[in-house]
Amino acid sequence: MEFLAVLGLLCSTATVGVGTNVNATMRVPSFLSSHMVLQRGNATVWGWAAAGARVMVLANDTTGELASATTIATDAGTWSVSLSVGMARPTSTVTIASSGQPTIVLEDVAWGDVFLCSGQSNMEYFVADAFYGDAERNASSHPSLRMLNLADVAVKDVDATDCPSKAPYTWAASAPETLSPRDEPGNPSSFGDRFPSAVCWFAARDLVLANPSVPIGIITAAKSGSPIEVWMLPGAILDGTPAVFGGNGSCGGAVTPPARPAVSPRTATCPQGGPNAAGSYFRGMIAPLTPMRITGVWWYQGEENDHSTDACPGPVWYRCLFPAMITSWRAAFRIPELPFFYILLAGGHTAVMREAQVAGASAIRNTWFASAVDLGAAPAEFLVPGHPPRKQEVGRRLSLAVLGTVYRQVIDYLGPSVIVSGVRVVQSTSSSGEPVTTVTLPFDVGANGFLHLNGTGGYPNGCISPNETARIGDVTGYAGNPVSPVGVVDWDAAGSAPVVVKSTTFHVVGTTLVAVFPGWKSTNGRVQVQFLFDDHPLCALYNGELSGPDSVYAANPHLGVVAQSWRGNITSTDVHQ
């Protein structure tokens, strides 16, 4: 018998939409709803029914049946089916039926790629409060971009099985009426009340523009002010706690755990909120989603862990917690190689925290970042204090990373990177007898075969000396210029703590950055070189012919990306003149 015919025999005469018959024995989570995106290739539909009940699920569109499956509810009253729809589809109907139960019909279900967006307030920060937010909202009609904005729900001890939407809809296509309006200056709203996530939406918008035939679904599950520990169950926290702090130190499989018994990794006040806070947002917002098939995770978090008083003890611990969290999420979703993308924190947060993000995540496979190191803001630019508004560029860089990895497009999604083997530190003596140190940093620039300097977010003249009108490369006479992206540290300086000395001048020669330090020389030739390693850099290096944090708003949008920060120890070479 045809599947449709069997389905017709099972269906009762009553047909309801999700959420209108909450007392029905057969049900699905509230976020499996009309207008959603299901993962192409392999999607999961699941729910609850009477033990032993036969449940049939059918997906069809105007061409006929796309996929179908039948299952029997378990003794616990749960059921789940997989539907394989290989090609992207703009719309379809999903029908769920069980004998004697009202049929559930999900209308306008697209088949494409689904991304989960999580983290803290810079992920919650919504579209209309970004730069040119009103204009972005007015131009937000993208029928193939579908959004689910989960409410802030914390749960203790037991994983939730459902999570409501913070929006007046569950899933909806992107349009001006489905995006929250802009805040009034001086009267910011609560992030928990507004939607969708700006970073998430801008990245998804760019994916839709790049591949119009593939619907994109974005699920935002973020909470302002949340440390990483609230997104990790206690076992994951133990794995992510270095042995010296009482954990097993496996860092999510990034390192081999030591042979020692595991002990409690936390005290009553660590993490923030005490031990009961551990895993609370994972249980409330992520756990309900874990049966779902998704393409990847987009993560913007770390600000709250960038303080030893908040998250014991800051970046040192984070580089182990972060890979442990990624590994635990992959296990929860049962996708061992789940692509995981993260945002390097914007200027205003510490360079060592950004270093911890990269060191932690890069220790495991299938992790990539988009850098916001240059996307801070000047004080007058903040609509919401502490939250830089340049979310379009964060989203653009994130979309480039996705296009270059998940979609395997030949594209430069990472900025210039230091070719470590080619770094040179040369110490010489000037004609006047003073020491001079020259640092040469070669870069891999990819296909965008240019390098250029540009001021960072809010500081368009950030590559100009604070006391001069000339470009930094032309400025002389400074023992160290604070805006220089290149610094050195003499780790062997006796009797004093290491001090970073900035180059007086720096300039680009082809694909190389040359920095000069007149009057400075290492004690014994062992030098730590730092590039773009300030907490809040004012001048950065980019590839492409046109770049910088605000070039996305230019008449001719740029193709460049900010360079990757680096520091490393180099033995200097002495040149005698």
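The values are calculated or read from the model by the stated rules, or taken from the named source; none is laboratory data. Quantities reported herein were computed from a predicted structural model and do not represent experimental measurements. Positions of Cβ are generated from backbone atoms using ideal geometry, with glycine treated the same way; all protein chains shown enter the neighbour counts. These accessible areas exclude ligands, DNA and RNA; they are computed on the full protein's heavy atoms, side chains included. Shrake-Rupley method; radii C 1.70, N 1.55, O 1.52, S 1.80 Å.
What figure, in Å² to the nearest 10, do you get for the accessible area of residue 503 with a 1.4 Å probe and non-protein molecules left out? It works out to around 0 Å². Rg then Dmax, both in Å and based on the Cα atoms of segment 332-469: 18.8, 67.
Find the Rg to Rh ratio for segment 96-175, where Rh is the Kirkwood radius over alpha-carbon pairs and Rg uses the same atoms. Let's see the in-between values first.
Working: Rg = 16.4 Å, Rh = 15.8 Å.
Rounded to two decimals, Rg over Rh is 1.04.
Within a straight-line Cα-Cα reach of under 26 Å, residue 166 can be paired with the following lysines, leaving aside sequence neighbours fewer than 8 residues apart in one chain: 156, 223, 391. Counting 0.36 nm for each residue step from residue 573 to residue 209 and taking away their Cα separation leaves a gain of 126.0 nm. Protein-only accessible surface at a 1.4 angstrom probe places the residues 536, 142 in the order 536, 142, largest first.
Taking a straight Cα-Cα cut-off under 20 Å and skipping sequence neighbours fewer than 8 places away in the same chain, the lysines within cross-link reach of residue 502 are 521.
As an equivalent ellipsoid, segment 372-445 spans semi-axes of 37, 24, 6 angstrom, where each value is the square root of five times an eigenvalue of the C-alpha gyration tensor, largest first. Highest-first packing order for the peptide set 527-533, 408-414 is 527-533, 408-414, based on the mean count of other beta carbon atoms within 10 Å. Counting only protein heavy atoms and using a 1.4 Å probe, the accessible area of residue 381 comes to about 60 Å². Taken one residue at a time, the phi angles of segment 115-124 give Karplus couplings (6.51, -1.76, 1.60, θ = phi - 60°) of 10, 9, 10, 9, x, 10, 5, 6, 8, 5 Hz. Gly and Pro are set to x. Dividing the mean sequence gap of close Cα pairs (under 8 Å, 6+ apart) by how many residues segment 111-174 holds gives a relative contact order of 31 percent. A simple spin-label model places the labels of residue 526 and residue 507 3.4 nm from each other, with each point 7 Å out along Cα-to-Cβ. Average accessible surface for segment 114-235: 33 Å² per residue, computed with a 1.4 Å probe over protein heavy atoms with every protein chain in place.
Converting phi to 3J(HN,Hα) with the Karplus coefficients 6.51, -1.76 and 1.60 and the offset θ = phi - 60°, segment 437-448 yields 10, 10, 10, 10, 10, x, 10, 8, 9, x, 6, 7 Hz in sequence order, with x at every glycine or proline. Note on exposure: 484, 224 ranked by accessible area (1.4 Å probe, complete protein assembly) read 224, 484, with the most exposed listed first. Label positions at residue 61 and residue 159, each projected 7 Å from the Cα along the C-beta direction, are separated by 3.1 nm.
Largest to smallest in accessible area, the residues 459, 125 fall in the order 459, 125 (1.4 Å probe, all protein chains included).
Of the peptides 96-107, 505-516, the order by per-residue mean of other Cβ atoms within 10 Å, starting with the highest, comes out as 96-107, 505-516. Note on residue 280: accessible area is roughly 10 Å² with a 1.4 Å probe, heavy atoms of protein only. With Cα atoms as the point set, the radius of gyration and Dmax of segment 57-190 evaluate to 18.7, 57 Å.
Calculate the translational D of segment 325-409 in whole µm² s⁻¹ from Stokes-Einstein, where the hydrodynamic radius comes from the Kirkwood formula applied to all Cα pairs, the temperature is 4 °C and the viscosity 1.567 mPa s. Please report the intermediate quantities before stating the final value.
Details: Rh = 14.2 Å.
Diffusion coefficient, whole number: 91 µm²/s.
Panel note: the C-alpha atoms of segment 45-119, placed on their principal axes, show extents of 39, 34, 19 Å (largest first). Residues whose amide H falls under 5 Å from that of residue 348, counting only those 5 or more places apart or on a different chain, are 536, with hydrogens built in the peptide plane.
A crude spin-label estimate for the pair residue 461 and residue 430, with each label 7 Å from Cα along the Cβ direction, gives 2.6 nm. Computing FRET efficiency as 1/(1 + (r/R0)^6) for residue 365 and residue 80, where r is the C-beta to C-beta distance and R0 is 25 Å, gives about 0.40. Proximity of backbone amide H atoms, modeled 1.01 Å from N, is registered between residue 226 and 121 at under 5 Å, excluding neighbours fewer than 5 places apart on the same chain.
In Å², and per residue, what accessible area does segment 313-463 have when probed at 1.4 Å with the other protein chains present?
Numbers: 5230 Å² over 151 residues.
Value returned for segment 313-463: 35 Å² of accessible area per residue.
Per-residue 3J(HN,Hα) values for segment 145-160, derived from phi via the Karplus relation 6.51 cos²θ - 1.76 cosθ + 1.60 with θ = phi - 60°, read 9, 10, 10, 10, 10, 6, 6, 6, 10, 10, 10, 9, 6, 10, 5, 6 Hz in sequence order (x marks Gly and Pro). The relative contact order of segment 202-258, computed from alpha carbon pairs under 8 Å that lie at least 6 residues apart in sequence, is 16 percent.
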